[in-house]
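What follows is calculated from the coordinates using simple rules that are stated; it is not laboratory data. These figures come from a predicted structure and were not determined experimentally. When we count neighbours, we look across all protein chains shown, and the Cβ atoms used for this are built from the backbone with ideal geometry, even at glycine.
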Amino acid sequence: LFIHPQGAAEPKEILVYSATLATATTLDGRIASGYDSFAFNDDGQVLISLRFRNVAVPILYAYDGARWKELAVPNVTRVGPHLITGIANLHRAGGGKLFAGLNMVSGTILCEWQTDHWDISVNNTTVMPSGQVANSMATQESNRNGDLLFQHSNGGNNLIVRRGDKFYQVFNQFRPTPEGDYIQRINSLDFRDDGTVYFLAGTVDDDLVLYEARPLF
C-alpha cells in the first residue's frame, strides 16, 4: 500500500502484505497477509480492515501519516457496553473524520474514531425518525462535511442522514416514493457535500431506478 501526498515527488510505501513473503509488514507481532476494505480521509489517515497470517478474523487499524495503530480486535475490544465480535466492511471517511461499522452479537453500530477512542455515532438503541431503533446496518456513506448516510433495518429498510446529532429520514421502505414506487433494495449510494443523496434502487416491480433526494434542512 502506498500514499502519494500532494506535492510529493514520490509515493510513500506504508504497508506490505503477503501470504508467504518475508517482506510482509509485521504489526503488533502479526504478519499482514491482506485486507478487506479501507477508507482515506482528507488528513491523510487510513482506516483499514487488515488480515494477518494465522489469524482467523480481520483486525481494524489506522495509519496516521507516520505509524499504524490497532483500533478494534474482534472478541477483545469493547466500545461502550458492547463487545465487538467483527469488523463490518463499512469503512468511510468524511473530511478529517473516520467512520467504521463494528459488529456485535445483537447487530451493528456505526462509530467514529477520535484519536484514542471510539464514539458511537449510531447505536443499536438509537431511535430513528420512524420510531424504530437501528439494529442492523446494511451500508454507510459520508460526505466531506462529516455527515453520515446509512441504511438500517428493523423489519424494513430505512435510509437515514445523520447531521450533527440529528437524524433525518430519506425514505422508509414501507412507504411509496412520490412516483408510487415501493423500493425493495438499494444497489448503490452517492452522498454529496450539500446533503443531496443519489441512490440506485430496485423496486418491487423489478425496475432499476436512479433517485435523487434533496435535503429539507
Practice problem: Between Phe40 and Ser106, take the C-beta separation as r, use R0 = 35 Å, and let me know the FRET efficiency to the nearest 0.05. | Solution: 0.70
Quiz item: Taking R0 as 30 Å, what's the FRET efficiency between Ser153 and Val55 from their Cβ-Cβ distance, rounded to 0.05?
Solution: 0.50
Quiz item: Convex hull volume of the Cα atoms in the stretch 2-120, per residue, in Å³?
Solution: 100
Quiz item: Per-residue HN-Hα couplings for the stretch 137-153, Karplus 6.51 cos²θ - 1.76 cosθ + 1.60 at θ = phi - 60°, whole Hz, x for Gly and Pro?
Solution: 9, 9, 7, 7, 9, 9, 9, 7, 8, x, 6, 10, 10, 8, 10, 10, 10
Quiz item: Amide H to amide H under 5 Å from Phe171: which residues, 5+ apart in sequence or cross-chain, H placed 1.01 Å off N in plane?
Solution: Leu159
Exercise. Quick one: check the C-alpha center-to-center distance for the stretch 84-146 versus the stretch 29-78, whole angstrom.
Key: 17
Self-check item: Karplus-derived 3J(HN,Hα), 6.51/-1.76/1.60, for each residue of the stretch 95-103, Hz, glycine and proline x
Solution: x, x, 9, 10, 10, 9, x, 10, 7
Practice problem: Would you grab the residues whose amide H sits under 5 Å from the one on Gln184? Only those 5+ places off in sequence or on another chain, please, with H modelled 1.01 Å from N. | Solution: Gly202, Thr203, Val204
Self-check item: Label assignment, Cα extents along the principal axes in Å derived from the structure, set [x] 59, 42, 34; [y] 85, 35, 32; [z] 55, 44, 43
Solution: [x]
Practice problem: Averaging sequence separations of C-alpha pairs under 8 Å and six or more residues apart, then dividing by the length of the stretch 1-49, give the relative contact order as a whole percent. | Solution: 22
Practice problem: Provide the descending list of Cα extents for the stretch 166-217 along its principal axes, expressed in whole angstroms. | Solution: 31, 19, 16
Practice problem: Starting at the first residue of the stretch 31-45, write each ³J(HN,Hα) from the Karplus equation 6.51 cos²θ - 1.76 cosθ + 1.60 with θ = phi - 60°, in whole Hz, x for Gly and Pro. | Solution: 9, 5, 10, x, 8, 9, 6, 8, 9, 9, 9, 5, 8, x, 8
Practice problem: Compute the Kirkwood hydrodynamic radius of the stretch 100-217, taking the inverse of the mean of 1/r over all pairs of distinct Cα atoms, and give it in Å to one decimal. | Solution: 14.7
